[in-house]
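Encoded as structure tokens, the structure appears first; notes follow it.
The values are calculated or read from the model by the stated rules, or taken from the named source; none is laboratory data. Because the structure is a prediction, the values reported are computed rather than measured. Reconstructed Cβ throughout: ideal geometry from the backbone, glycine too, with neighbour counts over all protein chains shown.
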Amino acid sequence: MNLLIMGKPGAGKGTLASIMQDNYHITHISTGNIFREEIAKQSPLGIAVESFITKGELVPDELTNNIVKSVLTQGHFPNGFMLDGYPRTKDQAIALDRILTELNMPLNFVVDIEVDDEVLLKRITGRRVCSGCNTIYHISLHPSIKQDVCDVCGGILIQREDDKEESVRKRIQIYNQKTEPLLDYYRQKNLIVTLDGRFKREDVFEFVETKLGITHGNH
Ligand code: AP5
Ligand code: MG
């Protein structure tokens, strides 16, 4: 099962992908996570992308396409993959089509998570992320058991650099301009399935089983 997960900043793409990876063993590939890991290491790639990300702007297409191409080419996906946060522009969508055709890995669905704008800001400003394993929390909606400590690995929880209000507004504006039009592109290919962004954990299982037709979960 090869999927794209789309939705505005804070829609719940990472949260959904993590539940699906744990329960259905589909590999989660997040370009945002890849970039943040490189920034943390201060690798040449990390240094090159850092200022775009902090300001809430998109990393240039060519750089992003090359990374996704190398991850998809070198990776092994026994149960398929979920691309979270890619593609975000028409150029990226065309590049992805080319890569997937070359690798003979067609897309099965594009999951579009729908959330009202007023919910997004609250979610993002309260989000905390594990600096060790990327597990996502929220100070009130999904808190860790011990404050600022990851339930999964004991790592320290941090706030993302681009989660300041000014960057968040920029990210939402860019999504509306550049990424939302891609939904039409995938609608024409008949790939879109929508998920209500207010989902609870058990709604995810129901969604995966009835809408995506996957029945081999271990929840
Ligand atoms: P990226 O990391 O992809 O960020 P994003 O798209 O802005 O999305 P977020 O990660 O903020 O939100 P999410 O939908 O994953 O929500 P989450 O599950 O965390 O990209 C970051 C940056 O990298 C970009 O701005 C750009 O600079 C660069 N970049 C990345 N990809 C690129 C590309 N392809 N091209 C160019 N540049 C690229 O949830 C949010 C919060 O809500 C959490 O606290 C969570 O606990 C809570 N929550 C989630 N779901 C629910 C729910 N159902 N109920 C209650 N609370 C919930
Ligand atoms: Mg995310």
>> I need the full set of residues from region 177-193 which are in a helix (DSSP H, G or I) and surrounded by 12 or more Cβ atoms within 10 Å (Cβ to Cβ), in order please.
In response: Lys178, Thr179, Leu182, Leu183, Tyr185, Tyr186, Arg187
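Answer yes or no as to whether Gly56 is at positive phi, within 12 Å of ligand 1 (Cβ to nearest atom) and surrounded by 15 or more Cβ atoms within 10 Å (Cβ to Cβ). Step through it out loud before you land on a result.
Working: at positive phi: yes; within 12 Å of ligand 1 (Cβ to nearest atom): yes; surrounded by 15 or more Cβ atoms within 10 Å (Cβ to Cβ): yes.
It is true that Gly56 is at positive phi, within 12 Å of ligand 1 (Cβ to nearest atom) and surrounded by 15 or more Cβ atoms within 10 Å (Cβ to Cβ).
Looking at region 10-22 only, could you name the residues that are in a loop (DSSP other than H, G, I, E, B) and either within 9 Å of the chain's Cα centre (by Cα) or surrounded by fewer than 24 Cβ atoms within 10 Å (Cβ to Cβ) (or both)? First the steps, then the outcome.
Our first condition is that a residue be in a loop (DSSP other than H, G, I, E, B); within region 10-22, this holds for 10-12.
Result: Ala11, Gly12.
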>> Looking at the structure I just gave you, is Phe205 surrounded by 12 or more Cβ atoms within 10 Å (Cβ to Cβ), within 19 Å of the chain's Cα centre (by Cα) and in a loop (DSSP other than H, G, I, E, B)?
In response: no
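Among the residues of region 41-51, how many are surrounded by 15 or more Cβ atoms within 10 Å (Cβ to Cβ) and under 21 Å from Val168 (Cβ atoms)?
2
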> Of the residues that sit in region 24-51 and are in a helix (DSSP H, G or I), among the polar types (S, T, N, Q) and in contact (Cβ under 8 Å) with a residue 24 or more places away in the chain, which one is nearest to ligand 2 (Cβ to nearest atom)?
Replying inline: Asn33
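Considering only region 150-175, how many residues are in contact (Cβ under 8 Å) with a residue 40 or more places away in the chain and of a type outside the set (A, V, I, L, M)? It would help to see each step written out before you state the result.
So in region 150-175, the residues in contact (Cβ under 8 Å) with a residue 40 or more places away in the chain come out as 160-162, 165-172, 174-175.
Narrowing further to those that are of a type outside the set (A, V, I, L, M): 160-162, 165-167, 169-171, 175.
Total satisfying the criteria: 10.
Return a yes/no flag: does region 76-90 have any residue that is assigned to a helix (DSSP H, G or I) and either farther than 21 Å from Asn218 by Cα or within 14 Å of ligand 2 (Cβ to nearest atom) (or both). Steps first, answer last, please.
Here is the first cut: in region 76-90, the ones assigned to a helix (DSSP H, G or I) are 90.
When the remaining residues are screened for being either farther than 21 Å from Asn218 by Cα or within 14 Å of ligand 2 (Cβ to nearest atom) (or both), the result is 90.
Yes, there is a match, as at least one residue in region 76-90 is assigned to a helix (DSSP H, G or I) and either farther than 21 Å from Asn218 by Cα or within 14 Å of ligand 2 (Cβ to nearest atom) (or both).
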>> When you scan region 43-65, do you find a residue that is closer than 23 Å to Val208 by Cβ and either touching an Asp or Glu at 6+ places or on another chain (Cβ under 7 Å) or at pLDDT 95 or above (or both), even just one?
In response: no
>> Report every pair of residues separated by at least 6 positions or lying on different chains whose Cβ atoms are under 8 Å apart, first residue within region 121-149 and without any contact (Cβ under 8 Å) to a residue 12 or more places away in the chain, second charged (D, E, K, R) and surrounded by fewer than 17 Cβ atoms within 10 Å (Cβ to Cβ).
In response: Ile145/Asp151
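If you check Phe77 against the conditions, is it surrounded by 20 or more Cβ atoms within 10 Å (Cβ to Cβ) and more than 12 Å from ligand 1 (Cβ to nearest atom)?
Working: surrounded by 20 or more Cβ atoms within 10 Å (Cβ to Cβ): no; more than 12 Å from ligand 1 (Cβ to nearest atom): yes.
Taking the combined requirement at face value, the residue does not satisfy it.
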> Among (1) in contact (Cβ under 8 Å) with a residue 12 or more places away in the chain; (2) closer than 30 Å to Thr210 by Cβ; (3) more than 14 Å from ligand 1 (Cβ to nearest atom), which single condition is Asp97 missing?
Replying inline: (1)
> In the set Leu107, Leu120, which member is buried (at least 17 other Cβ atoms within 10 Å of the Cβ), modelled with pLDDT under 95 and closer than 22 Å to Thr179 by Cα?
Replying inline: Leu120
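Take region 52-67 and flag every residue that is within 15 Å of Ile174 (Cβ to Cβ) and assigned to a helix (DSSP H, G or I).
Going residue by residue through region 52-67, those that are within 15 Å of Ile174 (Cβ to Cβ) are 52-61, 64.
Answer for region 52-67, where residues must be within 15 Å of Ile174 (Cβ to Cβ) and assigned to a helix (DSSP H, G or I): Phe52, Ile53, Thr54, Lys55, Asp61, Thr64.
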